[in-house]
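Trainee: First, the structure itself, so that you have it in front of you.
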Amino acid sequence: MTETVDVVIIGAGFSGLYATYRLSKQYKVICFEKGAGVGGTWYWNRYPGARVDIQSVEYSYSFDDDLQQDWKWPEYFSAQPDLERYANHVADRFNLREHIRLSNAVESLRFDAENDLWEVRTAAGDYVRCRYIIAATGALSIPNEPPWPGREDYQGVIYHTTDWPREPMDLSDKRVGLIGTGSTGVQAAPILAEQAKSLTVFQRTPAYSMPSGNRAMDEEHERDWKENYPERRKEILNTWGTSMVTYGEKSAHECSEEERTQVLEKAWNSKSAFQMQVAFTDVMTDMDANEVVAEFIRNKIRGIVDDPETAERLCPKTYPVGGKRMCIDNGYYQTFNRDNVSLVDVRSAPIVELTKTGLRTAEGEYDLDIIVMATGFDAVTGSLMNMDVEGIDGIKLAEKWKEGPTTYLGYMIAGFPNLLMVHGPMTPGAQAQMITSGEWQVDYLAELIDSMEADGKTRVDTTEEAEQWWYEETQNVAMHMVHRHADSWYNAKNIEGKKGDFMIYVGGFPRFTELSRKAAENDWEGFDLR
Ligand code: NAP
């Protein structure tokens, strides 16, 4: 028998869980989840050191005051097991499991234009028809594994960080190679170094990282947040990255050397990587101002790392601070002072192939028992592109997006009616704290659905003109920001062969929400309602 529901939600990560909560109050909802548990990112990413890089008092749901008052975070920056526990708690507390089907990946979506219904087929054989789809598929769920030759010859074990096994592993007699030094590599390195016999870090581009200052939650801090949640949550929505910062009031050029140091020392110890980006008014728009911050961080690295040559190699010099997601670490640079850790530069001598015993770069061979790929993700579009999605007139999403994604405000794709996205291409993505910005987007989409229901509409699409406008806004805004000088997953330049347009909206969350609200208030301008 074919099931018909109002809404199918894809993904039971933090946005999918909230969408399930919000929409199941009024509508018949099914949420399909590929994993065997809820939590999305925090279900899959259980590599050593996996931890959130935003304080958990902020990186948590705001939709239910009892929840935010009751829940106790053990540390300032929660480790993966605590975030997964939280996701499970939310699923239980709000009875969401009755709507969720685990281990059930969506394989295909087909729009039935005659009836304005989507047909959803899943790996477990479910076939469901629904009026709306909410794709909460996550920006970072399809692993990027560079296609080095020789993989089948390698006799050790390879793990991508997102597929780290659930069972504990004894690494004490293992020679571990870690490829990649983005947020993931920077978090994994200190723990792998402690656990493994030896750790070799293969670095192509060094990261800017600052200390997290993580520690056990202190009661005073927790009480302060809990007493002030309503105002803080509101304030957070008005910050560039939906995370609490204190905006610098002066340009870096207006400050004396002494003032600059004072401001930057404070930012360095702020426990927020976004703070470095707003320490002066022009860090993210002026390359010279940015260089002041960059050199401050390089000097910190030189002060931490004992070996001057290693320190210099760890200093980022080819792109601006904040151009890629800045990292926040628990002793990353200190790791390179250990005797069992070495750093290999694979920019000057790239990895050529995997061998029977390890890997070979253009300069030498490395024997490794385990290779850890912290090589990032086929980000933003990967998960939707992996499904067979067919819109109006048989148009395939993979075909439409083959040159790169186009969307209207990140929510919709022309020709794919009633398919609504959270954290879709050209939303602020990880340039905004994902739980809060996800809640905001889900509320927005719920408002759209509610208004359609109230007006008796059955179809919402967008137009190519609206997509073109948003494409230009997204690319233009990036041209005013230092982001344009960095290759990253924000502009798909982390994957060879991709066009390199910005897939992340870097104009800040307040501007994104302002434009979204304006569209809603102008009778859903840019959305084509029928
Ligand atoms: P990433 O930032 O894309 O970093 C991937 C790393 O792999 C880079 O250092 C990259 O070098 C390297 N790499 C890729 N292909 C390579 C190749 N062929 N040869 C050598 N090196 C190669 O991915 P990620 O570290 O997984 O982080 C992705 C995002 O996830 C972050 O930006 C953040 O938003 C999120 N994240 C958050 C947390 C947290 O909350 N704590 C933790 C982890 C991740 P290049 O830079 O030269 O390309």
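Trainee: Can you classify segment 336-435 as rounded, prolate or oblate using the Cα gyration tensor, where a ≥ b ≥ c are the square roots of its eigenvalues, rounded means a/c under 1.5, and otherwise it's prolate if a/b beats b/c and oblate if not?
Mentor: Prolate is the answer for segment 336-435, as a/c is 1.5 or above and a/b outweighs b/c.
Trainee: Considering amide H positions built from the backbone, and no H for Pro or chain starts, which residues 5 or more places from SER78, or on another chain, come under 5 Å of its amide H?
Mentor: Counting only residues 5 or more places away or on other chains, the set is VAL52, SER56.
Trainee: Follow-up. What does the charge count near GLY49 come to, summing +1 for each Lys or Arg and -1 for each Asp or Glu among other residues with Cβ under 12 Å from its Cβ?
Mentor: -1
Trainee: Can you give the extra length, in nm with one decimal, that the chain gains between ALA216 and ASP487 once fully stretched, where that is 0.36 nm per residue apart less the Cα-Cα distance?
Mentor: Length gained, ALA216 through ASP487: 94.0 nm.
Trainee: While we're on this one: Report the antiparallel proportion of the DSSP beta bridges in the chain as a percent, rounded to a multiple of 5.
Mentor: If I count the DSSP bridges inside the chain, around 35 percent turn out antiparallel.
Trainee: For segment 367-384, in order, what is each residue's ³J(HN,Hα) by Karplus, 6.51 cos²θ - 1.76 cosθ + 1.60 with θ = phi - 60°, in whole Hz (x at glycine and Pro)?
Mentor: 8, 9, 7, 9, 10, 9, 8, 9, 9, x, 9, 7, 7, 6, 9, x, 5, 5
Trainee: Additional query: Applying a 10 Å radius around every beta-carbon, put 65-72, 163-170 in order of their mean neighbour count, most first.
Mentor: 65-72, 163-170
Trainee: Give me, ordered by chain and number, the residues 5 or more places off ASP388 or on other chains with an amide H under 5 Å from its own placed amide H.
Mentor: SER108, LEU109
Trainee: For segment 241-319, taking Cα atoms only, what is the radius of gyration to one decimal and the Dmax to the nearest whole Å?
Mentor: 12.9, 38
Trainee: Now, a different point. Can you give me the angle between helix 434-455 and the longest principal axis of the chain, using Cα atoms only, in degrees from 0 to 90, rounded to the nearest 10?
Mentor: Tilt relative to the chain: about 10 degrees.
Trainee: Please list, in chain and number order, the residues 5+ apart from THR137 or on another chain whose amide H is under 5 Å from its amide H, with Hs placed from the backbone.
Mentor: VAL422
Trainee: Over the chain, what percent of the accessible surface lies on carbon and sulfur atoms, probe 1.4 Å?
Mentor: The C+S portion of the solvent-accessible surface of the chain is 46 percent.
Trainee: Also: Which shape class applies to segment 344-384: rounded if a/c is under 1.5, otherwise prolate when a/b exceeds b/c and oblate if not, where a ≥ b ≥ c are the square roots of the Cα gyration tensor eigenvalues?
Mentor: Prolate.
Trainee: Among ASN269, TYR247, ASN522, whose Cα lies farthest out toward the positive end of the dipole of the chain, if unit charges sit on the beta carbon of Lys, Arg (+1) and Asp, Glu (-1)?
Mentor: ASN269
Trainee: If packing is taken as the average number of other Cβ atoms within 10 Å across a peptide's residues, how do 238-244, 24-30, 407-413 rank, most packed first?
Mentor: 407-413, 238-244, 24-30
Trainee: To continue, here is another question. Return one quarter of the surface area of the convex hull spanned by the alpha-carbon atoms of segment 400-453, equal to its mean projected area, in nm².
Mentor: So the mean shadow area of the Cα hull is 4.0 nm².
Trainee: Set the Förster distance to 56 Å, then compute FRET efficiency between LYS317 and THR458 from the Cβ-Cβ distance, nearest 0.05.
Mentor: That gives a FRET efficiency of 0.50.
Trainee: So, one more: Rounded to the nearest 5, what % of the DSSP beta bridges within segment 93-241 are antiparallel ones?
Mentor: DSSP beta bridges in segment 93-241 are roughly 65 percent antiparallel.
Trainee: Could you please tell me the mean projected area of the C-alpha convex hull for the chain, averaged over all directions and given in square nanometres to one decimal?
Mentor: For the chain, the mean projected area of the Cα convex hull comes to 24.6 nm².
Trainee: Which of the peptides 182-194, 214-226 is most tightly packed, and how do the rest follow, going by the mean number of other Cβ atoms within 10 Å of each residue?
Mentor: Most protected by this proxy first, the peptides run 182-194, 214-226.
Trainee: What is the spin-label model distance, in nm, from ASP116 to ASP523 if the labels are put 7 Å beyond Cα along the C-beta direction?
Mentor: Those two pseudo-labels are separated by 1.7 nm.
Trainee: Using helices alone, I'd like the mean residue ellipticity at 222 nm for the chain: each DSSP H run of four-plus residues gives -39500 (n - 2.57), total over residue count, nearest 500.
Mentor: Computed ellipticity for the chain at 222 nm equals -9500 deg cm²/dmol.
Trainee: Just to be sure I follow: if Rg is taken over the C-alpha atoms of segment 177-245 and Rh is the Kirkwood radius over the same atoms, what is Rg/Rh?
Mentor: 1.15
Trainee: Suppose every K and R has +1 on its Cβ and every D and E has -1 on its Cβ; what is the size of the dipole of the chain about the Cα centre, in Debye to the nearest 20?
Mentor: Dipole magnitude for the chain comes out near 760 debye.
Trainee: Just to confirm the number: angle between the C-alpha axis of helix 257-268 and the first principal axis of the chain, 0 to 90 degrees, nearest 10?
Mentor: Result, in degrees: 60.
Trainee: Here's something else I'd like to know. Give the shape of segment 316-383 as rounded, prolate or oblate, defined through the alpha-carbon gyration tensor: a ≥ b ≥ c are the square roots of its eigenvalues, a/c under 1.5 means rounded, and otherwise the shape is prolate if a/b is larger than b/c and oblate if not.
Mentor: It is oblate, given that a/c is not under 1.5 and a/b is not larger than b/c.
Trainee: State the Cα centre-to-centre distance between segment 363-425 and segment 282-315 in whole Å.
Mentor: What the calculation gives is 33 Å, centre to centre.
Trainee: Using only Cα atoms, find the angle between the long axis of helix 287-304 and the longest principal axis of the chain, and express it within 0 to 90 degrees, rounded to the nearest 10.
Mentor: Computed tilt is about 50 degrees.
Trainee: Right, next: Which number do you get for Rg(Cα) / (2.2 N^0.38 Å) in segment 1-141?
Mentor: Taking the Cα Rg and dividing by 2.2 N^0.38 Å, one obtains 1.10.
Trainee: Just to check I understand the Karplus step: with θ = phi - 60° and J = 6.51 cos²θ - 1.76 cosθ + 1.60, what whole-Hz values come out for segment 162-176, glycine and proline as x?
Mentor: 7, 10, 4, x, 6, 6, x, 10, 8, 9, 4, 10, 9, 8, 9
Trainee: Using the heavy atoms of the protein chains alone and a 1.4 angstrom probe, what is the accessible area of the chain per residue in square angstrom?
Mentor: In whole numbers, the chain has 41 Å² accessible per residue.
The values are calculated or read from the model by the stated rules, or taken from the named source; none is laboratory data. Computed from a predicted structure; not experimentally measured. Ideal geometry is used to build each Cβ from the backbone, glycine not excepted, and the neighbour counts take in all protein chains shown. Note: accessible area is taken over every heavy atom of the protein model, side chains too, but ligands, DNA and RNA are not part of it. Shrake-Rupley method; radii C 1.70, N 1.55, O 1.52, S 1.80 Å.
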